[in-house]
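These notes are about the structure you will find just below.
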């Protein structure tokens, strides 16, 4: 059972947006999905509470039972949202269960600097060799200097770039209702769905 971890030490980069949408996409594909949240804010758990019961189910993964994370049973895929400042013992616990780590990154110098150090820590981790890592550009605006800066940085990072998600209110509006792009009419979010294809293909490998 693959465990997909969404992680970045910087707050507000879109970790919960990415985690909930990965879970939603997998559920729409017919997988038995669990969504866990080791962030104190529990954004993913709050999102699950809003999710309409008629939609493809996503179960909650209770990560509060002690220090050790244990992959849930009775499921085919698990997605784990993580807190800002992930490091030390908690990072070790996350790395123990992770099969893939998705790193969201916004086109901001502050985010780039924080992510650079985090990627170095991930690569140096004793469990890094068995884990696949990838980066997703978040809240990207085409034609801006910050977008150009992000692309230049990613060329030097040495990790697979899994896609770029545009800056749109679609994600905000869907989150407020416990929904994902795959829970509404495709014609409403066609451009966004297309941006997700490389990431979903990578997850499915």
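The values are calculated or read from the model by the stated rules, or taken from the named source; none is laboratory data. Computed from a predicted model, the values in this text were never measured in an experiment. As a convention, Cβ positions derive from the backbone with ideal geometry for all residues, glycine included, and neighbour counts pool all protein chains shown.
Within the range 183-201, is there a residue that is closer than 15 Å to residue 6 by Cβ, in contact with a strand residue (DSSP E or B) (Cβ under 8 Å, 6 or more places away or on another chain) and crowded, with 16+ Cβ neighbours inside 10 Å?
The answer is yes, given that some residue of the range 183-201 is closer than 15 Å to residue 6 by Cβ, in contact with a strand residue (DSSP E or B) (Cβ under 8 Å, 6 or more places away or on another chain) and crowded, with 16+ Cβ neighbours inside 10 Å.
Among the residues of the range 129-153, write down those that are out of contact with any helix residue (DSSP H, G or I) (no Cβ under 6 Å at 6 or more places or on another chain) and over 29 Å from residue 188 (Cβ atoms).
129, 130, 131, 132, 133, 145, 148, 149, 152 - these are the residues of the range 129-153 that are out of contact with any helix residue (DSSP H, G or I) (no Cβ under 6 Å at 6 or more places or on another chain) and over 29 Å from residue 188 (Cβ atoms).
Filter the range 93-124 for residues that are without any contact (Cβ under 8 Å) to a residue 12 or more places away in the chain and over 19 Å from residue 137 (Cα atoms) and give the result.
Once the filter is applied, which keeps residues that are without any contact (Cβ under 8 Å) to a residue 12 or more places away in the chain and over 19 Å from residue 137 (Cα atoms), the range 93-124 yields 123, 124.
What tally of residues in the range 140-182 results from selecting those that are in contact with a strand residue (DSSP E or B) (Cβ under 7 Å, 6 or more places away or on another chain) and touching a residue at least 60 places away in the same chain (Cβ under 8 Å)?
Residues flagged as in contact with a strand residue (DSSP E or B) (Cβ under 7 Å, 6 or more places away or on another chain) and touching a residue at least 60 places away in the same chain (Cβ under 8 Å) within the range 140-182 amount to 2.
Return only the number of the condition from (1) within 19 Å of residue 106 (Cβ to Cβ); (2) modelled with pLDDT of 90 or more that residue 131 does not satisfy.
Residue 131 satisfies all of (1) within 19 Å of residue 106 (Cβ to Cβ); (2) modelled with pLDDT of 90 or more except (1).
Do we have residue 121 as closer than 19 Å to residue 12 by Cβ and not in a strand (DSSP E or B) here?
The answer is no for residue 121.
Could we say that residue 45 is in contact with a strand residue (DSSP E or B) (Cβ under 7 Å, 6 or more places away or on another chain), under 28 Å from residue 164 (Cβ atoms) and without any contact (Cβ under 8 Å) to a residue 24 or more places away in the chain here?
Judged against the criteria, residue 45 is a match.
Quick test of your reading of the structure: residue 86 fulfils all but one of (1) assigned to a loop (DSSP other than H, G, I, E, B); (2) under 15 Å from the mean Cα position of the chain (by Cα); (3) closer than 30 Å to residue 183 by Cα. Name the failing condition by number.
All conditions pass for residue 86, except number (3).
A quick yes/no check of all residues on (1) within 21 Å of residue 127 (Cβ to Cβ); (2) more than 14 Å from the chain's Cα centre (by Cα):
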{"site": "7", "(1), (2)": "yes, no"}
{"site": "12", "(1), (2)": "no, no"}
{"site": "16", "(1), (2)": "no, no"}
{"site": "24", "(1), (2)": "no, no"}
{"site": "61", "(1), (2)": "yes, yes"}
{"site": "78", "(1), (2)": "yes, no"}
{"site": "95", "(1), (2)": "yes, yes"}
{"site": "117", "(1), (2)": "yes, yes"}
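Considering only helices (runs of 4 or more DSSP H) fully contained in the range 133-205, which possess at least 3 residues that are over 18 Å from residue 114 (Cα atoms)?
170-175, 190-204
Any idea which of (1) part of a loop (DSSP other than H, G, I, E, B); (2) closer than 27 Å to residue 173 by Cβ; (3) without any contact (Cβ under 8 Å) to a residue 24 or more places away in the chain is the one residue 73 doesn't satisfy?
Single failed check for residue 73: (2).
Quick check: is even one residue across the range 37-53 surrounded by fewer than 19 Cβ atoms within 10 Å (Cβ to Cβ), farther than 13 Å from residue 179 by Cα, in contact with a helix residue (DSSP H, G or I) (Cβ under 9 Å, 6 or more places away or on another chain) and at pLDDT below 85?
Yes: one or more hits.
Could you tell me whether the range 87-100 includes any residue that is surrounded by fewer than 20 Cβ atoms within 10 Å (Cβ to Cβ), modelled with pLDDT of 90 or more, in contact with a helix residue (DSSP H, G or I) (Cβ under 9 Å, 6 or more places away or on another chain) and more than 30 Å from residue 113 (Cα to Cα)?
No.
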